[in-house]
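What follows is calculated from the coordinates using simple rules that are stated; it is not laboratory data. Quick caveat, the model's predicted, so the values are computed rather than measured. With ideal geometry, Cβ positions are generated from the backbone for all residues, glycine too; neighbour counts draw on all protein chains shown.
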Amino acid sequence: MRIAEITGYPVKVGHRNQFIVIVETNEGIVGVGEGGISGRELAMQGMLAHLRGFLLGEDPRRIEHLWQTMYRGAYFEGGKILGATIAAVDIALWDILGKALGVPVYQLLGGATRDRVQCFATPGTLNGPECVERARELAAAGWRYLRFVPGMPNTGWTGESGEVFEPFEAIEAALHWIGEIRNALGPGIELSIDFHHRLSVAEAALFCQRAAPLHLHFVEEPIRAESPEAYRQLRAMTGVPFAIGEEFSSKWAFAPFIEQGLLNYARLDVSNVGGLTEAKKIAGWCEAHYIDVMPHNPLGPVTTAATIHLAAALPNFAQLEYQHRLAEVSPPDLFPVMPALDGDSFPLPATPGLGVEFDPRAAADHPFEPWEAPRWRRRDGSYTNW
């Protein structure tokens, strides 16, 4: 079996784009993958053109060998665009191998360690009574794990570009509304918050210290993650569990956070971190340090499918991110076969490969449109993280 063609498809899905990669073989078996750097699909397309130049004609079953060649082959190793593009190809290669052998991908990763893949929901923004009602609705529907995002109080804040985000005001609002949600739902529901890199070390420490009585499941990405030393400082100031790693593009980025005990949940993203090949290695490293894997999953059906297979095979899996607003806009013409949520979890896939299909013929009906992440500012006009 040989790789006959590799094609990237930047397509508009919902409010932004996805980057889908199709790998075709000379035996008619086709694999699908996805690259995860949202907003930089054209950069991944350019990188894919470089990789395609030497992948054509290779045996797609030599997954580890091809991973090493893609990562190290240009001498300049690493980087987020390379990691995400490798991920898309790697996921497609596992899909091909599963289809060729007639088994679901999780069987190739070691077999099932669980019967279902538990998810957590993201009800919305902590800036008004609506977040309490949405939390009530999801809890009543059987969801046991809820993650929220911070907002701005009394502003009609929606998270659009150009809006003002002031950390201390957002912290006050978050503490208030998480407290209201905890009072409404009681202790049986796990609550968490994703600050998306928006705080400084001092701001994050203040939030975590004041949130201690709320017994949060985790605080996700409270500060930017380029500096393990900054997280080491923050860790010394709070015992709240941290979920870190969604933007990491390799095992080497995870290394100091795992080895120094700076994270409790590894938020690896299979479409950013180099695919299933790299994710499985990171998960094993985490297991050795008693760290659970809680995959990042904000994209589309292909990443969701790949992550379900990973989660099924991991002994140290916690929960999988599930965002209703994203999952419900996946067009069936683009994805005629995709994973189906059952309550608050996914059943184990039963079909060979990933169990997701992409129809390239529909791509023209969902043309790529340039999209940039929102640009937020402080009241003084300075830039702040989205």
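Annotations
- Per-residue 3J(HN,Hα) values for segment 192-202, derived from phi via the Karplus relation 6.51 cos²θ - 1.76 cosθ + 1.60 with θ = phi - 60°, read 8, 9, 10, 8, 6, 6, 8, 10, 7, 4, 5 Hz in sequence order (x marks Gly and Pro).
- Modelled spin-label separation between R232 and F368, with each label point placed 7 Å from Cα along the Cα-to-Cβ direction: 4.1 nm.
- Highest-first arrangement of 127-135, 312-320, where packing means the average Cβ count within 10 Å: 312-320, 127-135
- Dipole moment magnitude, nearest 20 debye, segment 107-350 about Cα centre, only Lys, Arg, Asp, Glu C-beta charged: 620
- Long-range amide H partners of Y322 with built H, under 5 Å: F120, T122
- Put simply, the convex hull of the Cα atoms in segment 307-385 casts, on average, a shadow of 8.7 nm².
- When the convex hull of its Cα atoms is viewed from all sides, segment 3-104 shows a mean projected area of 6.4 nm².
- Scalar couplings 3J(HN,Hα) for segment 308-321, obtained by applying the Karplus form with A = 6.51, B = -1.76, C = 1.60 to θ = phi - 60°, are 4, 5, 4, 4, 4, 9, 9, x, 10, 7, 9, 9, 9, 5 Hz; x denotes Gly and Pro.
- Cα-based helix-to-principal-axis angle, 63-72 vs the chain, degrees rounded to 10: 70
- Between helix 275-288 and the chain: long-axis angle, C-alpha atoms, 0 to 90°, nearest 10: 50
- R116 paired with T7, simple spin-label distance in nm, labels 7 Å along Cα-to-beta-carbon: 3.8
- For segment 5-18, backbone phi angles converted through the Karplus equation (6.51, -1.76, 1.60; θ = phi - 60°) give residue-by-residue couplings of 7, 9, 9, x, 10, x, 10, 7, 9, x, 8, 8, 10, 10 Hz, Gly and Pro being listed as x.
- Only helices enter this figure: runs of n ≥ 4 DSSP H residues, each worth -39500 (n - 2.57), summed and divided by the residues of the chain, yield -11500 deg cm²/dmol at 222 nm to the nearest 500.
- Charges were assigned to the Cβ only: +1 to each Lys and Arg, -1 to each Asp and Glu. The resulting dipole of segment 326-386 about its Cα centre is roughly 500 debye.
- Computed from the C-beta positions of R378 and A288 and an R0 of 56 Å, the FRET efficiency is 0.85 to the nearest 0.05.
- Size of segment 193-338: Rg and Dmax of its alpha carbons, in Å, are 15.7, 50.
- Amide H within-cut-off set for T384, under 5 Å, with H built and near neighbours excluded: W376, R377, R378
- Plainly put, the chain has a radius of gyration that is 0.96 times its Kirkwood radius, both from alpha-carbon atoms, as the Rg/Rh ratio.
- Overall form of segment 150-230 per C-alpha gyration tensor (a/c, 1.5; a/b vs b/c): oblate
- Label zone of R61 (point 7 Å out along Cα→Cβ, amide N under 11 Å): in segment 104-119 this covers no residue at all.
- Neighbour net charge for N26 - beta-carbon separation under 10 angstrom, K R +1, D E -1: -2
- For segment 299-386, averaging the sequence separation of C-alpha pairs within contact (under 8 Å, six or more residues apart) and dividing by the residue count gives a relative contact order of 27 percent.
- Pair N385, A340: separation of 7 Å Cα→Cβ label points (nm): 3.9
- Proximal charge balance of R16 [Cβ under 14 Å; K/R count +1, D/E count -1]: -2
- Amide H to amide H distances under 5 Å link E58 with I3, where only residues 5 or more positions off or on other chains count and H is placed in the peptide plane.
- To the nearest ten degrees, helix 129-140 and the longest principal axis of the Cα atoms of the chain are 60 degrees apart.
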